[in-house]
Amino acid sequence: MRQERTVYLHRWIRSELLLTFAALFLSATPTAAQQTRSNPESLIVPGEIGRTGGRIVVSLRAEPKTLNPLIATDAPSREVIGVMQADLVHIDRATQLTEPALAKSWRVSPDGLQYTLTLRKGLRFSDGKPLDADDVLFTIRACLDENVHATQRDLLIVGGKPITVRKVDAATVVFQLAKPYGAGERLFDGFAILPRHLLEKSYQDGKLAQSGALSTATNLWAGAGPYRLKDYTPGQKLVLERNPFYWKLDAKGNSLPYVDEVVFLFVPSADAQVLRFQSGETDLISRLGAENFSVLSRQAHGYTMTDAGPGLEYNFLFFNLNDLGEKVSPEIARKSKWFREVKFRQAVSAAIDRDAIVRLVYQGRGAALWGPVTPGNPRWVNTSIPHPARSLDHARSLLKEAGYSWKNGAAGDSELVDADGSAVEFSILTSSSNADRTKMAAIIQDDLKELGMHVQVVPLEFRSLIDRVSQTKEYDACLLGLASFDADPNSDINVWLSSGETHLWNPSQAHPATPWESEIDALMEQQLDTPGFAQRKKLYDRVQQILVDYQPMIFLASPDILTGAKNDIGNFHPSVLEPYVLWNVEQLYFRNEQARAAR
Amino acid sequence: MMERPKLVRWIIVLGLLHAIVACAGFLAPYDPIEQDRDRPYAPPMRVHVVDHGHFHVRPFFYQVHERQGSFGDFEEKKSTTFSLHFFVPGARYRLFGFVPSRLHLFGADGARLYVLGSDGLGRDQFSRILYGGQISLLSGLLGAGATLFFGAFIGTVAGFYGGWRDALLMRLAELFLALPWLYLLFALRAFLPLSVSPMKAFLLVITVLAAVGWARPARLVRGVVLNAKERDFVRAARGFGASDVYLLRRHVLPETRSVLLTQAAILVPQFVLAEMTLSFLGLGIPEPEPSWGNQLAALQQYSVLVSYWWIYLPALAIVPFFVGYQGLASALHVDAPTEKIEGRRGGDPS
């Protein structure tokens, strides 16, 4: 109690002093006043020392669906939640390694089954109420509750059993795992600690999944992130203000964040976002296509465009390898036979000009891919995977070995025919809203024409494309991209496990359909509970090698993460992990507040 | 009679324009779907006659290269010149769809000349506009033809026989006029099999266009037929025992001729535009086959819109055709009444 009062007094004096200062020199709003907290356990972050004040405006592709971290699946919601919430242990977006967050330290038991986390002292939610072990327990309980349908639930089930949490004291919690977890404390990244005092009632009423609407009253929503809810205008914008109780300090002991407000504008199209940024309405931009990036770079005034290098998105072509049963038409059965032939897939891979894809689609701002791990994830990429140049001769010899031959087609060109003499023709689905992938498909179509394959490109609306791939399974081949959310193999585990829903070429199998798929299953399960990076790397290298050998996905290219920011924004260091530009939002600041106020 | 030369003039203009597109294979230097991956979005290249102060009798051009490390930033490499040759062999094509040939109006050895630039995959824009015109114009002509056929048929039946047939067909026509046809097309496309070959897609676009377009000409034809069948000479012929078929053929249908011709001149450009709209939205002719619509589809991207002006050129290509057809329509319109009164009433005894 006493301590609380001194903190308050201290803060009050500081505010008063700074208020005068601000009125004299900056004519900033009183809320911009700095507050140095006497909490000795605040996290001190390195970086340029910034100045307080101003507002950062960014655009979101769509209105976030929710502020509730448990049920958010859409990218805009995740982006907003990222600046409003905090987790126990955080993955640093720059180094891709874990760093202390709400937990100042953690200890792992020798058997790898017990994680003891110590929380910082004096932590508060953005409404000023304290954050302690009870909130952690509440969060984990809510995540594991089947009625809540939390998106993080799967991650909390390690070795088939849910993680259990025990409170030792107000600042110490122990997590008990059924099996060792390979990625270790990375587990705790992404678990926003929820305020029990605000949410317990709706949880007990079974309404937790409904809470967190954007229209929630500002005093009924809180988090431990750098910003808190201020104002929401449906269809237009969401305004967040700085959380005065945030637990990070800069190297000089000033409390973070620097910027008073973060405004998210809802701007539906990528092109409209570009225009807003160009006209100076927004301060930061990310998720840019290469073509828009070069448009912005060419006419840059007042802002700087940054190419952060290859991200974690991988684009690939895959064939329909589903077992379609007995009742399929002979035509589909024939196609299915081609697609199941490993040499056929290898030949397609050998014939694709990946360098042309990078150059024509990404204007050189990307990397050609031969495996699933992009150069944006240097720790996990298997460097022994060869990068063969395009070779039509190699492709032809593979096809010849598999019993294919060529004959003169109707149009005077040579036509590939299978062992039964029927011409090889199939269609590739792409998302009609993704100009990049449609262009990739056009390049592949032309590449495969040289092998004598007749390929149709079918742009479909994204939802009906996903429906065909995962539900009706009526397609030949499909071009898609996936972006890992973390630079760790576990983030893509649902893609590689044969039982996974995103095991796109043959999803949700009861038993692995092929020996190599079952080997991948075994390796992925094994790396899941192998502690130690070196061991896990060896296992995941093998997974990558199998994927390259059998080509269930023909990996094509990975685009660079392209971003831009106004020149007067300091500490701007885009990362290749999401959120690309707002990951260090608490450190962003305006170098020249006066210029900004005058505008 | 004064308007006759005007009509002829417009017909000559349109004939020439169509001939240019029909001879696309000969006039276009390259295969429209061939990609040149080193030269995406190359700007239109210049043809020179003076090289380092020396005058060349034969026009020539320089090959363009992307500046090192850039994208879409081309410069001429002046060390080598490529002479332009006329009537040269090149890519295979079929003139008018059936005469196989390799002869092209112009071309060069060892380098490609992009008169109107190249698109995002390095395909020759000039060749694509010519070939794309074939598809766009053909779908306009066929679509208008089919529409007029259905429209004339339905309008004649409705007008000539009247009664419940008239009521039914005209209500149906009103229904079709009220339909939001763009959404109808979206719905139709969704029902189609996945891989539609370019040829099938083309025929489908035309069918769809004709299926939704017949209502307006049908109503016009019905009006003319209603009017014509009440004329004295038609009544007289009927009194003399002429059959319905005879009446339609000799007296009623000829009356509709001017309406149909004017409609045709209006409908063709409308259908060209409809095809372009469909292809622009990705519902028409699929890539890689060119059509004016799918060439313009690249402009949906802001970056293309502000960076590469030559991608707009297919939109310019339609202008002379539209002017031609509009001129023809107005010439026909002015021409029609005089012809009807003098030709039908006085001159022709039938």
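The values are calculated or read from the model by the stated rules, or taken from the named source; none is laboratory data. These numbers were taken from a predicted model, which means no experiment stands behind them. Don't worry about glycine lacking a Cβ; one is built from the backbone with ideal geometry, like all the others, and counts go over all protein chains shown.
Just a few scattered comments:
- Yes/no for A:LEU194 being among the aliphatic types (A, V, I, L, M) and closer than 21 Å to A:MET84 by Cβ: yes
- When residues of segment B:257-289 are limited to those that are hydroxyl-bearing (Ser, Thr, Tyr) and surrounded by fewer than 24 Cβ atoms within 10 Å (Cβ to Cβ), the one nearest to the other protein chains (Cβ to nearest Cβ): B:THR277
- Contact map, segment A:525-548: first residue on the phi < 0 side of the Ramachandran plot, second residue of a type in the set (Phe, Trp, Tyr) and part of a helix (DSSP H, G or I), Cβ cut-off under 7 Å, separation 6 or more or different chains; pairs are A:GLN527/A:TYR540; A:VAL543/A:TRP496; A:ILE546/A:TRP516.
- Considering B:ARG94, B:ARG9, the condition of being within 14 Å of another protein chain (Cβ to nearest Cβ) and either at pLDDT below 80 or out of contact with any helix residue (DSSP H, G or I) (no Cβ under 6 Å at 6 or more places or on another chain) (or both) is satisfied by B:ARG94 alone.
- Where strands (runs of 3 or more DSSP E) fall wholly inside segment A:112-201, the ranges with 2 or more residues that are within 26 Å of the chain's Cα centre (by Cα) are A:114-119.
- Residues in segment A:471-500 that are among the aliphatic types (A, V, I, L, M) and closer than 17 Å to A:PHE319 by Cβ: A:ALA477, A:LEU479, A:LEU480, A:LEU482, A:VAL495.
- Residue within segment A:175-186 that is modelled with pLDDT of 85 or more and over 23 Å from A:MET524 (Cβ atoms) present: yes
- Yes/no for B:SER136 being farther than 27 Å from B:SER258 by Cα, of a type in the set (S, T, N, Q) and surrounded by 14 or more Cβ atoms within 10 Å (Cβ to Cβ): no
- Every residue from segment A:473-488 that is surrounded by fewer than 21 Cβ atoms within 10 Å (Cβ to Cβ) and either within 11 Å of chain B (Cβ to nearest Cβ) or touching a Pro at 6+ places or on another chain (Cβ under 6 Å) (or both): A:GLU474
- Counted as qualifying within segment A:405-480 are the strands (runs of 3 or more DSSP E) with 3 or more residues that are touching a Leu at 6+ places or on another chain (Cβ under 8 Å) and not charged (D, E, K, R), namely A:425-431, A:454-460.
- Selection within segment B:316-350 - surrounded by fewer than 14 Cβ atoms within 10 Å (Cβ to Cβ) and modelled with pLDDT of 85 or more: B:LEU316, B:VAL319
- Any chance A:ALA367 is away from chain B (no Cβ under 14 Å) and touching a helix residue (DSSP H, G or I) at 6+ places or on another chain (Cβ under 6 Å): no
- Restricting attention to segment B:100-123, the residues being away from chain A (no Cβ under 14 Å) and of a type in the set (Asp, Glu) number 1.
- Any hit, segment A:284-301, residues being more than 14 Å from every other protein chain (Cβ to nearest Cβ), in contact (Cβ under 8 Å) with a residue 60 or more places away in the chain and part of a strand (DSSP E or B): yes
- Taken over segment A:407-439, residues that are more than 11 Å from chain B (Cβ to nearest Cβ) and either closer than 20 Å to A:ASP355 by Cβ or of a type in the set (D, E, K, R) (or both) amount to 5.
- Residue in segment A:368-377 that is without any contact (Cβ under 8 Å) to a residue 12 or more places away in the chain and outside any helix (DSSP H, G or I) present: no
- Identity of the residue in segment A:269-283, within 11 Å of A:GLY564 (Cα to Cα) and out of contact with any helix residue (DSSP H, G or I) (no Cβ under 6 Å at 6 or more places or on another chain), that ends up farthest from the other protein chains (Cβ to nearest Cβ): A:ASP283
- Failed item in (1) among the charged types (D, E, K, R); (2) within 12 Å of chain B (Cβ to nearest Cβ); (3) touching a residue at least 60 places away in the same chain (Cβ under 8 Å), with A:LYS449 passing the rest: (3)
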